[in-house]
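Asker: One structure follows; several queries about it will come next.
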Protein chains: 2
Amino acid sequence: MSKKVIIHEKSDLCKGRLRSVHDTLDLLSGKWKISIISSLSFNGKRRFMELQRDVEGIGAKMLSKELKELEINELVIRTVYDTKPVTVEYALTSYGKTLQSVIHEMSKWGAQHRKRIVKQAHDKSKAA
Amino acid sequence: MSKKVIIHEKSDLCKGRLRSVHDTLDLLSGKWKISIISSLSFNGKRRFMELQRDVEGIGAKMLSKELKELEINELVIRTVYDTKPVTVEYALTSYGKTLQSVIHEMSKWGAQHRKRIVKQAHDKSKAA
DNA sequence: GAAAGTACTTTCCAAAAAGAAAGTGCTTTC
DNA sequence: GAAAGCACTTTCTTTTTGGAAAGTACTTTC
């Protein structure tokens, strides 16, 4: 159950930073993780089906796989309630919330990049 | 030549942030981009073969593909010198350098995450 | 008692990504 | 003139990823 914690191996001094960036990147990559984290961060606790409805387009298999990976990395906790039938709730851990600074930086850069690309496209169409 | 600028479509208000994060993530994803950026950031200008030696394991096809994507997104400039045979140099653009804040956040988080995971593994082996 | 809902897992398949190897065209070095 | 270096591209094969559909098991509602 613990092999999905991807950690990159390299020896050099300067390569430590590279490895760290890759570790973070791998944790967030895949089409769905950011959307899942975002829903959890916005809504607090969420059940499987709720998440599936939040994250449009995701199938049960993918959702279950992504949640497992997030759980292994301790970003998300899964709580099972002994009701009939069982209720399962997912939530960000407080550790998961520490990712928010990273996500915020990415969001800021991404927003500004989009503006740049759109402006560029606009300028090009003018030139023609 | 300009279709590789990946921009996600979604309508909602809150989804704008999601889209921005995905834009950034897509730009940096793939096994090699971060390593290429890192070599360029450390060494300044670099030629194709130098990069291939810097980034261990990368093949010519991948290197050329990744460089093209970075170029399209204006993170890297490619300069051809009219020597015989031609000399080609790659370098980060000043815009490319603006990514450094994002990369730095990822690096910080990744380093601390690794510590956490290693400590956890250590604690577990003790308990056994 | 049939349908629908929750929480998944399993199987099967198609598409995409990645790597290995060879090829191109030109030049300098031995 | 053979070999090797630069900067790639092309082709072919393998691996990985992702999705659709069905299945499991249990329960509440009509």
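The values are calculated or read from the model by the stated rules, or taken from the named source; none is laboratory data. Small disclaimer: the values here were computed from a predicted structure and weren't measured. All Cβ positions, glycine included, derive from the backbone under ideal geometry; neighbour counts span all protein chains shown.
Asker: For B:Arg17, are the conditions met, namely being within 14 Å of chain A (Cβ to nearest Cβ) and out of contact with any Gly (no Cβ under 8 Å at 6 or more places or on another chain)?
Answerer: So B:Arg17 passes the test.
Asker: Okay, next question. Six or more apart or on different chains, Cβ under 9 Å: which pairs go from a residue in the stretch B:24-35 that's part of a helix (DSSP H, G or I) to one that's β-branched (Val, Ile, Thr) and within 15 Å of DNA strand D (Cβ to nearest atom)? Could you list them?
Answerer: As it stands, the answer is B:Leu25/A:Ile34; B:Asp26/B:Ile6; B:Leu27/B:Ile6; B:Ser35/B:Val55; B:Ser35/B:Ile58, since those pairs meet every condition given.
Asker: Please specify each residue of the stretch B:65-92 satisfying the condition of being acidic (Asp, Glu) and either in a loop (DSSP other than H, G, I, E, B) or farther than 11 Å from B:Arg47 by Cβ (or both).
Answerer: Selection gives B:Glu66, B:Glu69, B:Glu71, B:Glu74, B:Asp82.
Asker: Name every residue in the stretch B:50-64 that is assigned to a helix (DSSP H, G or I) and touching a residue at least 24 places away in the same chain (Cβ under 8 Å), in order of residue number.
Answerer: B:Leu51, B:Met62, B:Leu63, listed by residue number.
Asker: What's the number of the only condition in (1) closer than 22 Å to B:Gly16 by Cα; (2) at pLDDT below 95 that A:Val86 fails to meet?
Answerer: Only one criterion in (1) closer than 22 Å to B:Gly16 by Cα; (2) at pLDDT below 95 is unmet by A:Val86, namely (1).
Asker: With the checklist (1) within 15 Å of DNA strand C (Cβ to nearest atom); (2) in contact with a Lys or Arg (Cβ under 9 Å, 6 or more places away or on another chain); (3) at the interface with chain B (Cβ under 7 Å from one of its Cβ atoms) in hand, flag the one item A:Ser29 doesn't pass.
Answerer: Every listed condition holds for A:Ser29 apart from (2).
Asker: Restricting attention to the stretch A:3-60, and to residues there that are within 27 Å of B:Trp32 (Cβ to Cβ) and exposed (fewer than 12 other Cβ atoms within 10 Å of the Cβ), which single residue is modelled with the lowest pLDDT?
Answerer: By that ranking, first place goes to A:Ser11.
Asker: Hey, another quick one. Name the residues in the stretch B:32-43 that are of a type in the set (Ser, Thr, Tyr) and more than 7 Å from every other protein chain (Cβ to nearest Cβ), would you?
Answerer: Within the stretch B:32-43, B:Ser39, B:Ser41 meet the criteria.
Asker: Another question, then. In this structure, does A:Val118 turn out to be of a type in the set (A, V, I, L, M), at pLDDT below 95 and within 16 Å of DNA strand D (Cβ to nearest atom)?
Answerer: Spelling it out, it is not the case that A:Val118 is of a type in the set (A, V, I, L, M), at pLDDT below 95 and within 16 Å of DNA strand D (Cβ to nearest atom).
Quick grid of which residues meet (1) under 13 Å from the mean Cα position of the chain (by Cα); (2) within 30 Å of A:Tyr95 (Cα to Cα); (3) away from every other protein chain (no Cβ under 11 Å):
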{"position": "B:Glu69", "(1), (2), (3)": "yes, no, yes"}
{"position": "B:Val76", "(1), (2), (3)": "yes, no, yes"}
{"position": "B:Ser94", "(1), (2), (3)": "no, no, yes"}
{"position": "B:Met106", "(1), (2), (3)": "yes, yes, no"}
{"position": "B:His122", "(1), (2), (3)": "no, yes, yes"}
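Asker: Among the residues of the stretch A:83-102, which ones are touching a Lys or Arg at 6+ places or on another chain (Cβ under 8 Å) and within 16 Å of DNA strand D (Cβ to nearest atom)?
Answerer: Matches in the stretch A:83-102: A:Thr87, A:Val88.
Asker: Among the numbered conditions (1) over 30 Å from B:Leu70 (Cβ atoms); (2) away from DNA strand C (no atom under 16 Å from the Cβ); (3) among the β-branched types (Val, Ile, Thr), tell me where A:Val80 comes up short.
Answerer: Answer for A:Val80: the failing condition is (2).
Asker: In addition: Is it the case that the stretch A:108-123 has a residue that's touching a Lys or Arg at 6+ places or on another chain (Cβ under 7 Å) and either surrounded by 14 or more Cβ atoms within 10 Å (Cβ to Cβ) or over 21 Å from B:Ile72 (Cβ atoms) (or both)?
Answerer: no
A quick yes/no check of all residues on (1) closer than 21 Å to A:Met106 by Cα; (2) within 14 Å of DNA strand D (Cβ to nearest atom):
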position: A:Ser41; (1), (2): yes, no
position: A:Glu50; (1), (2): no, no
position: A:Asp54; (1), (2): no, no
position: A:Lys68; (1), (2): no, yes
position: A:Leu75; (1), (2): yes, no
position: A:Arg78; (1), (2): no, no
